[in-house]
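Everything below concerns the one structure shown next.
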Amino acid sequence: MDNTLYPVFLKLEELSVLVIGGGKVAVEKLESLLGNAPATRVKLVAKEISHEIGEMQQNFPNISLHERAFVPEDFDEADIAIAAVNSLSVAEEIRTAAREKKILVNIADKPALCDFYLGSIVKKNSLKIAISTNGKSPTVAKRIREMLTEMIPDDMEILLGNMQNIRNRLHGDFSYKVQELNRLTTEYLYESSHLEKRSHRNRTARKQISLYPVMVAFLTFVLLVLLVIYLFVGVSRLR
């Protein structure tokens, strides 16, 4: 089945987010939200709020905590909502209330009840990539995120800054600017690929060079053993 989800990047710091739940999963959702947009206004409602969330509030005073049961009126000032609850009946109640208030909601580990999913995020300064598996496997998305984070160079911010300066200096219509930027980025990717291949060859060569002493020592040992055998056989024949 095709992934028909449409990815967007929200300006969360200009929105209000309602989080329902106060356990471990809620902590993970908060860390993701505030790790990407630290100034986001968050209202968290839960019957029990973990110690970790209480400590988090000390660093993020924009989190307001309400230790009580969720009520539909909690949606009144929310732009979007994220629920991390264990009870399916409570999750369905939250989904119904969100629909009535016309608020988009994400309910952790219950894809069928979600209006949107929280993708795994690759972040390198200004570069941000969201990964979706259509709600099927967050674990796979996490592994892909780790792989991309390792592959993307740390100096990406320098490249993005340079490209922004070039774009601002370009004259001509939109089509010409797109053509020039495509040409420059293609050249950069080609050069980066060439350098990576050359670096790989150099690493391979260094590994081979480091093996030479071992190979020489091994061959010397073999020759000594053969020489001892030859001498022993020769002496035996003379006897």
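The values are calculated or read from the model by the stated rules, or taken from the named source; none is laboratory data. From a predicted model like this one, the values you see are computed outputs, not experimental measurements. Glycine also receives a Cβ, built like all others from the backbone with ideal geometry; neighbour counts cover every protein chain displayed. All accessible areas refer to the heavy atoms of the entire protein, side chains included, with ligands and DNA or RNA removed. Shrake-Rupley method; radii C 1.70, N 1.55, O 1.52, S 1.80 Å.
Descriptive notes on the structure:
- Over all directions, the projected convex hull of the C-alpha atoms in the stretch 70-128 averages 4.9 nm² in area.
- A 1.4 Å probe, protein heavy atoms only, puts the accessible area of Tyr176 near 90 Å².
- Dividing the convex hull volume of the alpha-carbon atoms in the stretch 67-181 by its residue count gives 191 Å³ per residue.
- Spatial extent of the stretch 53-95: Rg and Dmax, with the Cα atoms as the point set, Å: 12.1, 33
- Panel values: the stretch 1-90, Kirkwood radius from alpha carbon pairs, Stokes-Einstein at 25 °C and 0.890 mPa s, translational diffusion coefficient 179 µm²/s.
- Ala39/Asp115 FRET efficiency (R0 22 Å; Cβ-Cβ; nearest 0.05): 0.40
- Links that overshoot a 26 Å alpha carbon limit, given the list Lys101/Lys136; Lys101/Lys123; Lys101/Lys128; Lys47/Lys102; Lys142/Lys177; Lys43/Lys124: Lys101/Lys136; Lys101/Lys123; Lys101/Lys128; Lys142/Lys177; Lys43/Lys124
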